[in-house]
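J.: Below is the structure I would like to discuss, written out as structure tokens.
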Amino acid sequence: MKTIAFLASISAALAVVSHAETTAENSPAKSAVIAIDRAFEAAYAKADTKAVADFFTEDAHYTSDNGRTFDGRTAIEESVRGAFAKNNGAKLAIALDSVRLLAPDVLLERGSTAVTAKDGETNGALYTAVYVKKDGKWKISQLVETPQSDATGHDQLSQLGWLVGNWEDADKGDDLTVRSQYIWARGGNFLTRNVTVKRGGETTLEGWQIIGWDPIEGCIRSWTFDDEGGFSEGRLTREGNRWLQRETGVTADGSRTAADNTFSKVSDDRFTWESNNRTLDGLPQPGIGRIEINRMKGQ
């Protein structure tokens, strides 16, 4: 139902794109690397030294961001064990920038990492990883980290600065429009979004959203409210030129909602939004197909 789709787009918060050279968006190589990154984060969160080491080849070479080098999986495993001992309970977030296939069994990944300690302190690094495929599995053959300057909340969020301005998506068949205005909050540490849904010339729904960096979770988060009394919060993960948002909320009547939303930047003046794995009080709901959102002319 188109009306539901447009009302649901109130939760479409943001998208970002990497301009680095990448493989095709849905390439098997890129999908494999994304899966490895998520599994690596999970193993790190569990402080599973062996699981982390198993992502590397037996003869892998690792250069840490402090310049230390480790040759072979055994040496890498010992370095990981030492890191866990010093920083127990830390969380790792991997932001993939690009994946490039160098040969059928060799690929290059670039990105950045953020390690958030239990006390909330976050340290980041840039990385380049070379993978080789052995026995049908991609393994890290070489990993090189380089220091990354400490980033403020504004620094983390500034990648979304292109959203500032006015946007619109319209369904002429239903005479329905959704207009969004993104602006920087005072201090530059949050983006705010005002949403107005109109049918004909009459406003039928208004909403407000706050987007900011969470130094404890090490991710961008969003909080959304509507004038009927509903609200939701989301956590966003970057995957190349897409952002994935896991959003949970409560409707005005107390029903619980959940959805996996995907935001993709097409250009500086256009992005798309879609929503899947939607539930209402735990019951599956229809997904929402891709909606195109355009910058209003003159903005």
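J.: Give the stretch 152-199 a look and list any residue that's touching a residue at least 60 places away in the same chain (Cβ under 8 Å), under 17 Å from F225 (Cβ atoms) and under 18 Å from the mean Cα position of the chain (by Cα), or say none.
T.: If the condition is that a residue be touching a residue at least 60 places away in the same chain (Cβ under 8 Å), under 17 Å from F225 (Cβ atoms) and under 18 Å from the mean Cα position of the chain (by Cα), then L191 is the only one that fits.
J.: Right, something else. Mind counting the residues in the stretch 117-129 that are at pLDDT 90 or above and buried (at least 18 other Cβ atoms within 10 Å of the Cβ)?
T.: So the count comes out to 2.
J.: Now for a different question. Just the residues that are modelled with pLDDT under 90 and either open to solvent by less than 50 Å² (accessible area, probe 1.4 Å) or not in a strand (DSSP E or B) (or both), please, taken from the stretch 160-170.
T.: Of the stretch 160-170, the ones modelled with pLDDT under 90 are 160-163, 170.
L160, G161, W162, L163, listed by residue number.
J.: OK, next. Within the stretch 198-221, is even one residue closer than 24 Å to T177 by Cβ and touching a Gly at 6+ places or on another chain (Cβ under 8 Å)?
T.: Checking the stretch 198-221: not a single residue is closer than 24 Å to T177 by Cβ and touching a Gly at 6+ places or on another chain (Cβ under 8 Å).
J.: Report every pair of residues separated by at least 6 positions or lying on different chains whose Cβ atoms are under 7 Å apart, first residue within the stretch 276-299 and closer than 15 Å to F263 by Cα, second open to solvent by 90 Å² or more (accessible area, probe 1.4 Å) and at pLDDT below 90.
T.: none
J.: Filtering the stretch 82-129 down to residues that are part of a strand (DSSP E or B) and among the charged types (D, E, K, R), which residue is farthest from A35 (Cα to Cα)?
T.: It comes out as K91.
J.: Taking into account only those residues within the stretch 196-230 that are at pLDDT below 95 and of a type in the set (A, V, I, L, M, F, W, C), which is farthest from T248 (Cα to Cα)?
T.: V197
J.: Tell me, yes or no, whether the stretch 27-44 has at least one residue that is in a loop (DSSP other than H, G, I, E, B) and at pLDDT below 95. Outline the logic, then answer.
T.: Within the stretch 27-44, the first condition is being in a loop (DSSP other than H, G, I, E, B), and the residues that meet it are 27.
Now drop any that are not at pLDDT below 95, which leaves 27.
Yes, the conditions are met somewhere in the stretch 27-44.
J.: Let me ask something else. With the requirement that a residue be open to solvent by 50 Å² or more (accessible area, probe 1.4 Å) and either in a strand (DSSP E or B) or over 25 Å from V164 (Cα atoms) (or both), what does the stretch 261-286 give you?
T.: Scanning the stretch 261-286 gives V266, R270, N276, N277, R278, L280, D281, G282, L283, P284, Q285, P286.
J.: Of all the residues that make up the stretch 48-65, how many are open to solvent by less than 50 Å² (accessible area, probe 1.4 Å), more than 18 Å from T146 (Cβ to Cβ) and part of a strand (DSSP E or B)?
T.: Qualifying residue count, the stretch 48-65: 2.
J.: Right, something else. Does at least one position in the stretch 149-159 carry a residue that is open to solvent by 40 Å² or more (accessible area, probe 1.4 Å), at pLDDT below 95, out of contact with any Ser or Thr (no Cβ under 6 Å at 6 or more places or on another chain) and closer than 18 Å to G234 by Cβ?
T.: There is at least one residue in the stretch 149-159 that is open to solvent by 40 Å² or more (accessible area, probe 1.4 Å), at pLDDT below 95, out of contact with any Ser or Thr (no Cβ under 6 Å at 6 or more places or on another chain) and closer than 18 Å to G234 by Cβ.
J.: From L96, L101, grab the single residue that is of a type outside the set (K, R) and over 14 Å from L126 (Cβ atoms).
T.: Result: L101 is the single residue among L96, L101 that is of a type outside the set (K, R) and over 14 Å from L126 (Cβ atoms).
J.: So in the stretch 52-78, with the set limited to residues that are among the β-branched types (V, I, T) and over 20 Å from A32 (Cβ atoms), which one is farthest from the chain's Cα centre (by Cα)?
T.: T74
The values are calculated or read from the model by the stated rules, or taken from the named source; none is laboratory data. What you see is a predicted model, and the numbers here were worked out from it, not measured in a lab. Heads up, the Cβs are rebuilt from the backbone with ideal geometry, glycines too, and the neighbour counts pull from every protein chain shown. Side chains are part of the model used for accessible areas, which takes the heavy atoms of the whole protein and leaves out ligands, DNA and RNA. Shrake-Rupley method; radii C 1.70, N 1.55, O 1.52, S 1.80 Å.
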